[in-house]
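Note sheet for the following structure.
The values are calculated or read from the model by the stated rules, or taken from the named source; none is laboratory data. Keep in mind the model is a prediction, meaning the values are calculated, not measured. Every residue, glycine as well, gets a Cβ built from its backbone with ideal geometry; the counts of neighbours run over all protein chains shown.
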Amino acid sequence: MRVRSLALCLLTACSAPRNQAFEHPNPGPYATPPGIHAAEDGERPLARPLGPSGSLAGRFVQAGQSVQYPMQAVRNRHILVECEAWGYGRGSQSKGRMRVLDPHRKVVAEVLLGGPSLHQAMLSFVAEERGDYTLELKATEGTFRYVLIRHDGYDAITPEHVRNLDRALSAHGWLPAFEYRQAYTVRGHPGQRILVHAEPTHERGREFKRKWWFRRPLSAAHTPTALVESVVATSRTRGEKAYPFFVVGLPGEAIQEGEHSRVFVLPESGIQSFWVSQHGTPEAGLFDLSIERDLDWRPLQLHLADRNDQPLDDVSVVFLQEPQMARIGQAVTDRNGRAALILPNAPCTLVLHSKLKSRIIRLRTGQENLYCVW
């Protein structure tokens, strides 16, 4: 009887589908990158084990230096390794190579990294056997400081795999390459309005994107492509890191039509399909999904006029839910300076953009009519 029960438990465990909502990144805390103090003679990175869900840091002080970190892996275990690299000053350029060697010293995965000042790369592999693997990092051009982060909480993904989130409120995911799509389904009651928001897992990436809304006016509120190009251009001119920009789209839409947040109404089946992709550079990264199901959505009539009480037409209006800056509504004012939207009763940021100027207003929605003087 005991043997039979054990066999039944093993069968259930093997047949139960994996749910993306249960996958998770390495929670940290992560290692701190070394400083930029002068190098000592013969300084090299210290080789030490990179354990499961672990992180370590080091630096190269001469081009051509390399280091090998031992890694234990279990058969069929999927492992992600992130490398974030920092130069020694603004305008610095560097390149590197990261690869994994199996117990027989065969290269099983390889990725290149490089760019101005700050850059990153992600390496993914599945251990075909249990044993001692090696992560090798090399500075092929220039020098840089780095942090390596190992993630053991994600499954390997395939293009045809659809992840069922059911009624989950959040999920974690990763994308291996530029314009790769990860498909999802969510469930609820017919007619339910759902907000899906995608953003980088790492706080540095989230803060970079959120601050961008306040760093410069919206030059193109309608097209995500222009938004991504502006974010990357801004990061390069300021010497900052351009983090992955994740977008959400519906079946049949091109990646260029995706947005970092989407609001949709569940059909009669109560099941909605959507996908997440990454638009822009760098090419790979981790992302978090938040799924808002219980927001108090209400109709809103916006009235926009100048100080002489003259209506302002053809003004782009974008509402962003705070604090994550999820896009919850957008419209363009008509010739009477009006725009009708359906918004949740929550704190938000209102971004106004015309051909001549832009403005950002913080407010709380909930009223039926909103009058703004610009």
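Would you pick out the residues in the range 165-180 that are surrounded by fewer than 17 Cβ atoms within 10 Å (Cβ to Cβ) and outside any loop (DSSP other than H, G, I, E, B)? Across the range 165-180, the qualifying residues are Asp166, Ser170. Number of residues in the range 98-119 that are out of contact with any His (no Cβ under 9 Å at 6 or more places or on another chain), more than 20 Å from Ala73 (Cβ to Cβ) and of a type outside the set (Ser, Thr, Tyr) equals 6.
In this structure, His303 does not qualify as within 30 Å of Leu113 (Cβ to Cβ) and touching a residue at least 24 places away in the same chain (Cβ under 8 Å). For His197, state whether it is modelled with pLDDT of 75 or more and surrounded by fewer than 19 Cβ atoms within 10 Å (Cβ to Cβ). Considered against the rule, which asks whether it is modelled with pLDDT of 75 or more and surrounded by fewer than 19 Cβ atoms within 10 Å (Cβ to Cβ), His197 comes out as no. With His189, His197, His104 as the choices, which residue is under 30 Å from Asp296 (Cβ atoms) and in a loop (DSSP other than H, G, I, E, B)? Testing whether each residue is under 30 Å from Asp296 (Cβ atoms) and in a loop (DSSP other than H, G, I, E, B) leaves just His189. Scan the range 71-89 for residues that are under 14 Å from Ser53 (Cα atoms) and either part of a strand (DSSP E or B) or among the aromatic types (Phe, Trp, Tyr) (or both) and the total you get is 9. Just one residue in the set Val147, Val107, Val126 is assigned by TED's automatic domain parsing to the domain that holds Ala39, among the β-branched types (Val, Ile, Thr) and within 19 Å of Ala63 (Cα to Cα); that residue is Val147. Within the range 331-369, restricting attention to residues that are within 10 Å of Leu302 (Cβ to Cβ) and surrounded by fewer than 13 Cβ atoms within 10 Å (Cβ to Cβ), the residue that is modelled with the highest pLDDT is Ala340. Among the residues that make up the range 309-317, is at least one of them within 28 Å of Val186 (Cβ to Cβ), in contact with a Pro (Cβ under 8 Å, 6 or more places away or on another chain) and not assigned by TED's automatic domain parsing to the domain that holds Asp166? The answer is no, given that none of the residues of the range 309-317 is within 28 Å of Val186 (Cβ to Cβ), in contact with a Pro (Cβ under 8 Å, 6 or more places away or on another chain) and not assigned by TED's automatic domain parsing to the domain that holds Asp166. Scanning the range 343-365 for residues that are outside any strand (DSSP E or B) and either of a type in the set (Phe, Trp, Tyr) or touching a strand residue (DSSP E or B) at 6+ places or on another chain (Cβ under 7 Å) (or both) yields Asn345, Ala346, Thr365. Taken over the range 119-135, the residue count meeting the criterion of being surrounded by fewer than 18 Cβ atoms within 10 Å (Cβ to Cβ) and either among the hydrophobic types (A, V, I, L, M, F, W, C) or within 26 Å of the chain's Cα centre (by Cα) (or both) is 1.
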